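Contents: one structure, followed by commentary.
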Amino acid sequence: MQKDIATPVRTRAILEKHGFSFKKSLGQNFLIDTNILKRIVDHAELTEESAAIEIGPGIGALTEQLARRSKKVVAFEIDQRLLPILQETLAPYPNTTIIHEDVLKADVLGMVEKELQGIDDIMVVANLPYYVTTPIIMKLLEEKLPIRGIVCMLQKEVADRISAKPGTKDYGSLSIAIQYYTEAETVMIVPKTVFIPQPNVDSAVIRLTKRKEPAVSVKDEPFFFQVIRASFAQRRKTLLNNLISHLPEGKQKKEDILAALEQAEIEPGRRGETLSIEEFARLSESLYPIFK
Ligand code: SAM
């Protein structure tokens with residue numbers, strides 16, 4: 001078996017050899033703890049028939065662990081300076097492919113069709129760059145990729161918001177957007193000491209298991225999310241006041257909004273953060289004829 005990339009000594013040697021300097025603007029905090037990496041991969045429940053899509057391989061610390069436990073790994077890396085390093089560190093793993101691209105601009109579905117043909121079980125596994133965690137996760141979910149789910153490291157504070165339940169301070173439009181597509185759980189809390197350089201914030205690993213169908217069924221998804229964003233626009237305001245102020249032409253439609261709340265059996269004086277995803281679906285369906 002090859003020596004692990006993710007030990008402090010080997011990582012420093014690789015970085016020194018290539019004269020690599022970290023770019024904070026690209027969220028470069030590399031993992032230097034093999035045990036943590038193995039536990040992250042455990043949560044993805046890969047088999048020899050699975051494929052993994054990685055975002056941001058860095059010097060290949062996680063890529064290596066994924067390559068050992070799956071059929072194929074495809075990783076998107078934005079930083080060109082890492083390509084020659086990855087070529088060297090991943091040379092022992094012919095089942096890895098690196099794509100030099102910003103994942104937010106990449107045609108991920110096209111990549112799956114080209115690179116992962118015939119593989120039925122696909123997981124996204126990543127230690128995400130923290131400056132773009134939410135856009136990356138939302139892109140992967142909204143594009144309806146044929147993946148089983150996502151296991152990723154991110155800021156603990158964002159993990160708390162993603163897996164929050166109604167009625168808690170962390171519950172908001174992000175919780176609902178992600179729980180609409182997936183079952184979300186925080187599976188690990190990770191100390192700062194296992195990264196170089198150490199990030200300023202605490203980290204966590206979440207597991208998002210894609211639902212077969214979205215959690216609720218709505219006529220118009222964009223409108224459903226518009227209602228949710230409006231409901232959380234000012235957290236201290238009541239649901240009614242937020243809908244009036246933050247839905248287009250809400251002010252002129254106050255009476256209709258009140259009637260829609262009544263139809264959905266939701267008290268107008270409640271706050272957005274107390275509504276379950278099912279209640280938001282009911283509300284969006286009863287508001288729909290008024291705004292559409
Ligand atoms: N996987 C490595 C590890 O765990 O040690 C590195 C993780 S580091 C937190 C994030 C990585 O994402 C960096 O390699 C960075 O260059 C890369 N990255 C940042 N923004 C990206 C983007 N938009 N698309 C693809 N990769 C990106």
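Quick note: the coordinates plus some simple rules give every number you see, no bench work behind them. A quick note: this is a predicted structure, and the numbers were derived from the prediction, not measured. Note that we place each Cβ from the backbone using ideal geometry, even for glycine, and neighbour counts take in every protein chain shown.
Observations on the model:
- Formal net charge of residues neighbouring residue 84 (Cβ-Cβ distance under 12 Å; K, R +1; D, E -1): -1
- Summary of the geometry: segment 1-61 and segment 144-168, compared by the centres of their Cα atoms, lie 21 Å apart.
- Treating each Cα of segment 1-157 as an identical point scatterer and summing with the Debye formula, the log10 of I(q)/I(0) at q = 0.09, 0.11, 0.12 Å⁻¹ comes to -0.25, -0.38, -0.46.
- Each Lys or Arg adds one and each Asp or Glu subtracts one; over the other residues with Cβ under 9 Å from the Cβ of residue 74, this totals -1.
- Between residue 119 and residue 144, the simple label model (points 7 Å from Cα in the Cβ direction) yields a spacing of 2.3 nm.
- Each of 85, 223, 140 was placed along the dipole of the chain (beta-carbon charges, centred on the mean Cα), and the one lying farthest toward the positive end is 85.
- Of all DSSP-defined beta bridges confined to the chain, some 45% are antiparallel rather than parallel.
- Sum of side-chain charges, residue 118 neighbourhood, beta-carbon under 12 Å (Lys, Arg +1; Asp, Glu -1): -2
- Neighbour cut-off at most 15 other Cβ (10 Å), DSSP loop, trypsin sites (Lys or Arg not before Pro), segment 1-70: 3, 23
- By the Stokes-Einstein formula, at 0.692 mPa s and 37 °C, segment 91-224 with its Kirkwood radius over alpha-carbon pairs has D equal to 202 µm²/s.
- Subtracting the Cα-Cα distance of residue 93 and residue 220 from their residue separation scaled by 0.36 nm leaves 41.2 nm.
- Extending 7 Å from the Cα toward the beta-carbon at both residue 263 and residue 202 defines two label points whose distance is 4.4 nm.
- Checking every one of the trypsin sites (Lys or Arg not before Pro) in segment 197-269 against DSSP loop status and a limit of 16 other Cβ atoms within 10 Å picks out 211, 212, 219, 235, 236.
- Those aspartates and glutamates that a straight Cα-Cα span of less than 17 Å connects to residue 71, excepting residues fewer than 8 apart in one chain: 42, 45, 48, 49, 54, 113, 115, 120, 121
- Dimensions of the chain based on its C-alpha atoms, expressed as ranges along the principal axes with the largest first, amount to 68, 41, 28 Å.
- Per residue, the convex hull volume that the Cα atoms of segment 203-292 enclose (Å³): 111 Å³
- For the chain, a Gaussian network of Cα nodes joined below 10 Å ranks 252, 234, 179 by mean-square fluctuation, and the top entry is 252.
- Bridge type composition, segment 113-249 - antiparallel percent by DSSP, nearest 5: 75 percent
- Per the Cα gyration tensor, segment 139-292 maps to an equivalent ellipsoid with semi-axes of 32, 18, 12 Å, ordered largest to smallest.
- Taking other C-beta atoms within 10 angstrom as a stand-in for reagent exposure, 274, 11 fall in the order 274, 11, fewest first.
- In the chain, taking the dipole from charged Cβ atoms about the Cα centre, the farthest positive-side position among 31, 111, 208 is held by 31.
- Extension gain, residue 18-residue 236: 0.36 nm per intervening residue step, less the Cα-Cα distance, totals 73.3 nm.
- Each eigenvalue of the Cα gyration tensor of segment 37-115, multiplied by 5 and square-rooted, gives one semi-axis; in descending order these are 18, 16, 11 Å.
- When the square roots of the Cα gyration tensor eigenvalues are ordered a ≥ b ≥ c, the ratio a/c for segment 8-71 is 1.5 or more and a/b exceeds b/c, which makes its shape prolate.
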